[in-house]
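The structure appears right after this line, and notes come after that.
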Amino acid sequence: MGITRLFDASHTTSTVRSRRHGAARRSAAAAVFGWLCLASGADAETMSSALARAYVGNPDLNQQRAGVRASDENIPRASAGWRPQASAVGQVGANYLDLRSAGSRLNGVTAPSTIGVSVSQNLFDANRTLNSVRQAESGVLSSREQLRNTEQSVLQSGATAYMNVLRDTAVLELRRNNITVLEEQLRQTRDRFNVGEVTRTDVAQAEASLANSRSEYFTAQALLQSSIASFRQIIGVEPTRLEPARTIEALLPKSQTSAVALALSEHPAIQAFLHAVDSAEAQVRIIEAELYPNLSITGSVQRFTDYQGTRNGTLLNGAIVGQLTVPIYTGGSVDARVRQAKEQLSQARLQADLQRDYVRAAVVSSWGQLDTSRAVIQSAQAAVRAAEIALDGVREEAKVGQRTTFDVLYQQQVLLNTRVSLVTAQRDRVVASYAVMAAIGKLSAANLSLNVAAYDPTVHFDQVRDKWIGLRTPDGR
């Protein structure tokens with residue numbers, strides 16, 4: 001149910017006996033209803049369009065996407081262990097030679113130089129490279145799940161900010177109208193005081209109620225400004241023409257039990273921790289590989305000019321060398337790192353279990369808030385209808401002396417409070433529906449059918465995973 005329905009239903013339920021008070025009440029309904037509905041022009045902002053803005057331009061979401069792209073580069077980094085390593089070396093200098101032998105002498109200055117190329121290839125590293133690649137893949141998958149979780153957080157925050165602006169604007173209009181009503185009440189009370197129908201105390205009570213209402217109005221104004229600032233931070237633009245928003249309960253599971261089961265199997269936070277467990281397992285095997293033999297082969301070619309100071313003397317040297325390294329004792333360092341990695345693996349598993357508990361609690365809590373908001377709306381609607389009838393009755397009774405000015409002011413405050421409660425409850429229902437969607441791990445641009453081009457992290461991944469050379473990123477930077 002949209003917030004606008006509150007005013008459509010609650011402000012027209014009772015027959016207004018006082019023409020002036022009735023006109024003021026209807027003007028309040030029209031003011032709030034009109035601001036919230038605002039003609040559905042092309043520039044009107046809807047919940048979907050606001051969330052689409054956040055999906056495209058939110059800095060938090062975009063920095064997380066950049067983080068995913070950065071993690072993609074761990075794949076070619078790890079794969080480098082399978083690829084040859086090549087290097088070139090060049091040297092040039094000055095050499096003075098003074099050689100005396102059997103009555104002969106050779107001396108002079110030469111400029112010896114060396115150029116060479118060396119290529120090495122890993123042949124066996126006890127699957128260290130293989131496990132490094134697997135660890136990098138787990139890291140990429142984990143970062144994608146963290147991106148999904150960030151997307152959920154941004155969309156949920158955006159929906160909350162949107163509804164906060166609607167709520168606070170409605171409350172501000174209610175309090176502005178209450179000032180108008182109390183100003184009329186004060187005017188009538190003063191008129192009755194001038195003809196002796198009420199005392200100075202009644203006038204003071206009306207003045208105090210008006211002053212308090214103005215104070216509440218300024219407080220509501222400050223809250224609205226705060227909500228507008230949050231909207232700007234998350235959505236990226238100032239809220240101007242916001243249309244009513246509805247709940248997304250139709251997208252939710254039918255029961256809390258099925259919601260919990262769905263969350264435990266698909267929530268991105270849980271999936272991210274499970275990938276972290278895979279990464280920790282790979283880390284154990286990577287470190288253990290340091291205790292096994294390693295086999296590599298190296299080929300090199302070098303050309304020396306003015307070799308050993310001999311003018312115009314050259315030497316060409318080529319070699320192919322196989323190297324087998326067998327660790328015997330590392331001082332206990334590698335052993336300690338293996339034990340440490342195993343403990344970190346245990347920690348990662350416990351963190352995954354802990355995250356399951358967090359997700360389960362979030363689903364149960366948000367589901368309860370959604371149920372509560374439904375019940376509160378029904379109660380608040382009944383309270384608004386009853387308070388309107390009661391206020392009309394108290395005003396009529398006050399005209400014939402059966403009620404005091406204080407009774408009228410009190411009932412006016414009761415009606416205001418019930419209307420504010422109803423606005424708040426309807427906001428809470430919409431926000432709670434998005435909270436449940438996020439808690440089960442399904443709050444995404446795709447599931448909300450937002451009119452945006454979905455960000456696909458696999459595009460960048462496919463562009464760089466087999467990249468052997470190149471400094472530029474796929475987007476040209």
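The values are calculated or read from the model by the stated rules, or taken from the named source; none is laboratory data. Computed from a predicted structure; not experimentally measured. All Cβ positions, even for glycine, are placed from backbone atoms using ideal geometry, and neighbour counts span all protein chains on display.
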Ala170 in contact with a Lys or Arg (Cβ under 9 Å, 6 or more places away or on another chain), at pLDDT below 95 and among the small types (Gly, Ala, Ser) = yes
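Residue-wise test of (1) at pLDDT 95 or above; (2) of a type in the set (Val, Ile, Thr); (3) more than 30 Å from Arg100 (Cα to Cα); (4) not in a helix (DSSP H, G or I).
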{"residue": "Arg303", "(1), (2), (3), (4)": "no, no, no, yes"}
{"residue": "Leu324", "(1), (2), (3), (4)": "no, no, yes, yes"}
{"residue": "Pro327", "(1), (2), (3), (4)": "no, no, yes, yes"}
{"residue": "Thr330", "(1), (2), (3), (4)": "no, yes, yes, yes"}
{"residue": "Val334", "(1), (2), (3), (4)": "no, yes, yes, no"}
{"residue": "Ala352", "(1), (2), (3), (4)": "yes, no, yes, no"}
{"residue": "Ala383", "(1), (2), (3), (4)": "no, no, yes, no"}
{"residue": "Ile389", "(1), (2), (3), (4)": "no, yes, yes, no"}
{"residue": "Gln402", "(1), (2), (3), (4)": "no, no, yes, yes"}
ask   = Given Arg167, Arg187, Arg148, which one is surrounded by fewer than 20 Cβ atoms within 10 Å (Cβ to Cβ), in a helix (DSSP H, G or I) and basic (Lys, Arg)?
value = Arg187
request  = Scan segment 330-363 for residues that are of a type outside the set (Gly, Ala, Ser) and either crowded, with 16+ Cβ neighbours inside 10 Å or touching a helix residue (DSSP H, G or I) at 6+ places or on another chain (Cβ under 6 Å) (or both) and report the count.
outcome  = 13
query = Given the conditions (1) closer than 30 Å to Val431 by Cα; (2) in contact with a Pro (Cβ under 6 Å, 6 or more places away or on another chain), and given that Gln156 satisfies all but one, which numbered condition is not satisfied?
reply = (2)
query = Any residue in segment 399-418 that is among the basic types (Lys, Arg) and touching an Asp or Glu at 6+ places or on another chain (Cβ under 9 Å)?
reply = yes
inquiry  = Looking at segment 447-469, can you tell me whether even one residue there is assigned to a helix (DSSP H, G or I), of a type in the set (Lys, Arg) and either over 17 Å from Ser71 (Cα atoms) or touching a residue at least 40 places away in the same chain (Cβ under 8 Å) (or both)?
reply    = no
inquiry  = Among the residues of segment 368-381, are any surrounded by fewer than 14 Cβ atoms within 10 Å (Cβ to Cβ) and among the basic types (Lys, Arg)?
reply    = no
remark   = When Ser120 is run through (1) part of a strand (DSSP E or B); (2) of a type in the set (S, T, N, Q); (3) in contact with a helix residue (DSSP H, G or I) (Cβ under 9 Å, 6 or more places away or on another chain), the failure sits at (3)
task = Could you tell me which of the residues Ser132, Ser138 is assigned to a helix (DSSP H, G or I), touching a Gly at 6+ places or on another chain (Cβ under 8 Å), under 25 Å from Tyr292 (Cα atoms) and of a type outside the set (Lys, Arg)?
result = Ser132
request  = Pull up segment 223-263, narrow it to residues that are surrounded by fewer than 17 Cβ atoms within 10 Å (Cβ to Cβ) and of a type in the set (A, V, I, L, M, F, W, C), then point me to the one that is nearest to Arg427 (Cα to Cα).
outcome  = Leu223
query = Which condition breaks for Pro244 when tested against (1) modelled with pLDDT of 95 or more; (2) part of a loop (DSSP other than H, G, I, E, B); (3) not basic (Lys, Arg)?
reply = (1)
request  = Scan segment 157-200 residue by residue and report those that are of a type in the set (Ser, Thr, Tyr), in contact (Cβ under 8 Å) with a residue 12 or more places away in the chain and more than 27 Å from Ser49 (Cα to Cα).
outcome  = Thr180, Thr189
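Identify all residues within segment 193-216 that are in a helix (DSSP H, G or I) and crowded, with 17+ Cβ neighbours inside 10 Å; write none if there are none.
Phe193, Asp202, Val203, Gln205, Ala206, Ser209, Leu210, Ser213, Glu216
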message = Just to check your reading of the model, which residue among Ala102, Ala94, Ala78, Ala111 is surrounded by 15 or more Cβ atoms within 10 Å (Cβ to Cβ) and out of contact with any Phe, Trp or Tyr (no Cβ under 9 Å at 6 or more places or on another chain)?
response = Ala78
ask   = Restricting segment 171-200 to residues that are of a type outside the set (A, V, I, L, M) and in contact with a Ser or Thr (Cβ under 8 Å, 6 or more places away or on another chain), which is farthest from Gln412 (Cα to Cα)?
value = Phe193
